[in-house]
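Asker: One structure coming up, written as structure tokens, with questions to follow.
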Amino acid sequence: MTETEDWRPFLERWSREWTGATAHDTAGDEPSAGDQEALRARWLGFPPASEERVRALEERLGHRLPPSYRTFLTVSDGWRHAGGFVYLLAGTDDVRWHRDESELSEFFPGELEDDPTPEDVLLAGMWERALQLDVESDAVYVLLDPGDVGDDGEWAVYCYASWRASPPERYASFRAFMEDMYREFHHLRASSADRAGAEFVNPTTRKLDGSVEAARLDALAGRYERAEAALAEAASYGRPRATELRDQIRRLLGETSMVGFGTLARDPVYAPEVFPLLAAEHVDRGHVDAVWGYRLHGASEAVRELADEILRRTREGTYRYTATGDFGRAVEQAREQARWGETEAAWRTLRAALPAWRPLGPDHLAPVGLCADPLLGPLLTPDRGRELLATPRAGQAGEAPAPAADPDPPGLAWLADEDSGGLLASYRFVLVESVRPADLPGRIGATDANELSEPMPPEHARRRRRTDVTWRDEAVAAVGSAGPDWSFAWEARPLSEFAEHRFASPGTAASRGTRAVTVWSEPARGRRRGLFHLSVAEDGAERYAFTVRDGEVSTRGPVPEAFHPDRLFPSDDPHAGRLGERRVLAALAAEFGVRLPRAALTGGRLHTVRTQPWNRPPAPGETYLTAHVTLG
């Protein structure tokens, strides 16, 4: 097929569809003379330009035209209604140099920096050297740039609308620009037909609507990549349901930009699933209530009341995702596991139940509302989102995908790695054997009546720490499971520094009838010396301990060979501090079979408890000094 033959069916289809939509359009002004002519001819274009006219244009410009625009002119010497805002595109008589008549080079890209990108360099010169193709438009410029040429000889098209207040959109060729304007025509017509309750139906819309339904079934069967591509294409044409379905896939892949779920948010069937996500975004971004009101525009009173209630619960931190049947029971089980930091176990619980999930209606693809749950949402990493989407659901047949890798590293040695989420600033923790996390307050709590808080993110836990003047070094520690038969109490970046002469490990009291391990790590910073402390207690008494500070070692009790600092922190190793810390943490994990959940500690929500002091009271005659500095 020649390029001319390729252009003709595309332009004829566009013209037929425009004619069919416009002929039945009773709204708006009387068609212009040009539009009346196009309606009679069922053709948005003009007679083809002869080869002589095209060559004459090229001689006038001093350039041979790029292939797709040149061939277009031999099919139609100009074009009406390229999209919704360009009313007339130039033919051979109207093409001219733009020469920055718009004076937009001052704004896009503006003054070039010392090391500009190639894209900025191209854009900077485009306004002066480009051809202008728009003849009549709604403040839209269509510029064909002979200085931005692809390997196929095509010139880039730049399209800029002043009312969009954004940089010009670049297209690789004139053909790519026209195809996008055809999609824009479809999108605008579909939207106006929907508002007017009219129909915009033609072979293209029927084909696209069929692809949307096929994509829905593909998505439920786990073929989400194929589904997402088909839905993206249909959404670019403005087809109903396409954006609503695609947004569910995008959200589970970790995308949040321009994900609003379309009409689903106003549908009482789907609002309970999608409004929690919109509420979480609203709260996280600190949007004003007027933005929430805009979200609810056009919703029924019942949906508005539901949305406001979800927003209230989201702000209070009391929202919980729920589902029915076997999947709903798995959600509750997974939440119980997640609140103790057992994130991988929680995910396995959810994954095993995914085939039992059932949609709320025909436009529901997956349990996307999980993303808004305070405890279960952090489990849905992009990899796990892909795993969820690749798992057949709602009774669809298909092969389950390979499990996504556990994002939590094993053991404890990750604490000494450079990429441990900022926790290297300092940390301390207690591990207790044969004690459930829920029972830790009775072991390490500051008072007998101390109870666990509701699960909260790490930054909220830090806000609960005491800052009043006191000698008591109490931690607000996150608690959870540290592996089979072990629990942990953890604090990142403690307010106090380790002082060996006053240190009193909470692990000693916690070890009554069992064993407990206590670790405190502080990196060297400024004049402060780095240190690492380990102590192990059993049945209420310390069995052994050591402290390493800048190569100086002190020990108490018979430290086992596996943990002995002389072996793990060799004095002749200038990097012994960091490596020795890693060796000790690895040895602890191997000896006791323990681990700490990085994802839960850095980005999840865990219960917290205010611990007993990590130091002893001042001795008789002993004094201490505290100082508070107030700025501003």
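The values are calculated or read from the model by the stated rules, or taken from the named source; none is laboratory data. Everything numeric here is computed off the predicted structure, so don't read it as measured data. Cβ coordinates were reconstructed from backbone atoms using ideal geometry, including for glycine residues, and neighbour counts include every protein chain displayed. In case anyone asks, the SASA skips ligands and DNA or RNA and just uses the protein heavy atoms, side chains included. Shrake-Rupley method; radii C 1.70, N 1.55, O 1.52, S 1.80 Å.
Asker: What's the number of the condition His564 fails, among (1) at pLDDT below 90; (2) out of contact with any helix residue (DSSP H, G or I) (no Cβ under 9 Å at 6 or more places or on another chain)?
Answerer: (1)
Asker: Identify, please: which residue in the range 261-278 is open to solvent by 20 Å² or more (accessible area, probe 1.4 Å) and not aliphatic (A, V, I, L, M) and is, among those, farthest from Ala193 (Cα to Cα)?
Answerer: Per the criteria, the residue is Pro272.
Asker: For the range 71-119, name all the residues that are crowded, with 19+ Cβ neighbours inside 10 Å and of a type in the set (Lys, Arg).
Answerer: Listed by number, the list holds a single entry, Arg80.
Asker: Moving on to the next point. Taking the range 144-183 as the region of interest, how many residues are open to solvent by 30 Å² or more (accessible area, probe 1.4 Å), assigned to a strand (DSSP E or B) and acidic (Asp, Glu)?
Answerer: Of the residues in the range 144-183, 1 are open to solvent by 30 Å² or more (accessible area, probe 1.4 Å), assigned to a strand (DSSP E or B) and acidic (Asp, Glu).
Asker: Mind checking whether some residue in the range 426-438 is modelled with pLDDT of 95 or more, surrounded by fewer than 17 Cβ atoms within 10 Å (Cβ to Cβ), in a loop (DSSP other than H, G, I, E, B) and on the phi > 0 side of the Ramachandran plot?
Answerer: yes
Asker: Any chance the range 221-239 includes a residue that's modelled with pLDDT under 95, open to solvent by less than 30 Å² (accessible area, probe 1.4 Å), over 30 Å from Val95 (Cα atoms) and within 20 Å of the chain's Cα centre (by Cα)?
Answerer: Scanning the range 221-239 turns up no residue that is modelled with pLDDT under 95, open to solvent by less than 30 Å² (accessible area, probe 1.4 Å), over 30 Å from Val95 (Cα atoms) and within 20 Å of the chain's Cα centre (by Cα).
Asker: Still on this structure: Kindly indicate which of Tyr171, Tyr158 is touching a strand residue (DSSP E or B) at 6+ places or on another chain (Cβ under 8 Å) and in contact (Cβ under 8 Å) with a residue 24 or more places away in the chain.
Answerer: Step by step, each of Tyr171, Tyr158 is checked, and only Tyr158 is touching a strand residue (DSSP E or B) at 6+ places or on another chain (Cβ under 8 Å) and in contact (Cβ under 8 Å) with a residue 24 or more places away in the chain.
Asker: On to the next question. Which of the helices (runs of 4 or more DSSP H) contained wholly in the range 29-98 include at least 2 residues that are hydroxyl-bearing (Ser, Thr, Tyr)?
Answerer: 67-73
Asker: Please enumerate the residues belonging to the range 101-143 that are assigned to a strand (DSSP E or B) and either modelled with pLDDT under 85 or under 36 Å from the mean Cα position of the chain (by Cα) (or both).
Answerer: Within the range 101-143, Val140, Tyr141, Val142, Leu143 meet the criteria.
Asker: So the check is Cβ under 9 Å with 6+ separation or different chains; which pairs have a first residue in the range 182-202 that's within 22 Å of Tyr171 (Cβ to Cβ) and in contact (Cβ under 8 Å) with a residue 60 or more places away in the chain and a second one that's open to solvent by 50 Å² or more (accessible area, probe 1.4 Å) and assigned to a helix (DSSP H, G or I)?
Answerer: Tyr182/Arg13
Asker: Name the single residue, out of those in the range 316-337 being in contact with a helix residue (DSSP H, G or I) (Cβ under 8 Å, 6 or more places away or on another chain), part of a helix (DSSP H, G or I) and over 25 Å from Ser487 (Cβ atoms), that is most open to solvent (accessible area, probe 1.4 Å).
Answerer: Arg329
Asker: Condition (residue is within 25 Å of the chain's Cα centre (by Cα), of a type in the set (Gly, Ala, Ser) and open to solvent by 10 Å² or more (accessible area, probe 1.4 Å)) applied to the range 294-315: is it met by at least one residue?
Answerer: Within the range 294-315 (the criterion being within 25 Å of the chain's Cα centre (by Cα), of a type in the set (Gly, Ala, Ser) and open to solvent by 10 Å² or more (accessible area, probe 1.4 Å)), the answer is no, since none of the residues qualifies.
Asker: Within the range 8-25, can one find any residue that is in a helix (DSSP H, G or I), open to solvent by 20 Å² or more (accessible area, probe 1.4 Å) and free of Cβ contacts under 8 Å to residues at least 12 places away in the same chain?
Answerer: Checked against the condition, which is being in a helix (DSSP H, G or I), open to solvent by 20 Å² or more (accessible area, probe 1.4 Å) and free of Cβ contacts under 8 Å to residues at least 12 places away in the same chain, the range 8-25 yields at least one hit.
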